[in-house]
1. Given points 7 Å out from each Cα along the Cα-Cβ axis, report the Asp62 to Thr94 separation in nanometres with one decimal.
2. Give the whole-number value, in cubic angstrom per residue, of the convex hull volume spanned by the C-alpha atoms of region 91-150.
3. Please list, by residue number, every one of the trypsin sites (Lys or Arg not before Pro) in region 49-134 that is coil in DSSP and has at most 15 other beta-carbon atoms within 10 Å.
Amino acid sequence: MTASPGAGAAASVTASPGAGAAASVTASPAAVAAPVAAGPTPSAELAPPPSWWRRPGLDVLDGRLSVNGADLEALARAHGTPLFVYDLARPRETVRELQAALARSGVAYRTRFALKACPDPRILAVLRSLGAPGTPQSVGIDACSPGDGFGGPGCQLDPAAWY
């Protein structure tokens, strides 16, 4: 599922059913906010959630966990679980923070992404868009075998496009 956040933010959310399912759906946050079947009502006595894990785009809205305004419970009810929900702006932010820290250190570096960690083509597309192969802004892949990136289902990568 892809949902764009409100208030002019540039991030998006992608939800993919787990367990190897290949379905994907596109919806806006307004569609995600549709009524959900009634579940247990949180007790008014519950303590507020801790704030250490919160960041822009990941928060509790109206008592419900959300990613860029998309209600995660509603996504789970609509698509089943396990469900992987990705904030596609987050890999870009994290890579840029890492690259900036490495550049400040003066250490020569190449940024690589462990393909086995998350071979989702949408995540790989975000990483690939960060820079031309071989440039300081680029992100290469770390693959243990040619089958990891060049023969795996849904990951038909062009080896020349990654250094």
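1. Those two pseudo-labels are separated by 2.9 nm.
2. Hull volume normalised by residue count: 85 Å³.
3. For trypsin sites (Lys or Arg not before Pro) across region 49-134 that sit outside H, G, I, E and B with at most 15 neighbouring Cβ atoms in 10 Å, the list reads Arg54, Arg110.
Read-outs throughout are calculated quantities, based only on the coordinates presented, and are distinct from any laboratory measurement. Worth saying up front: this structure is predicted, and the values here are computed from it rather than measured. Methodologically, a virtual Cβ is constructed for each residue, glycine included, from the backbone with ideal geometry; neighbour enumeration extends over all protein chains shown.
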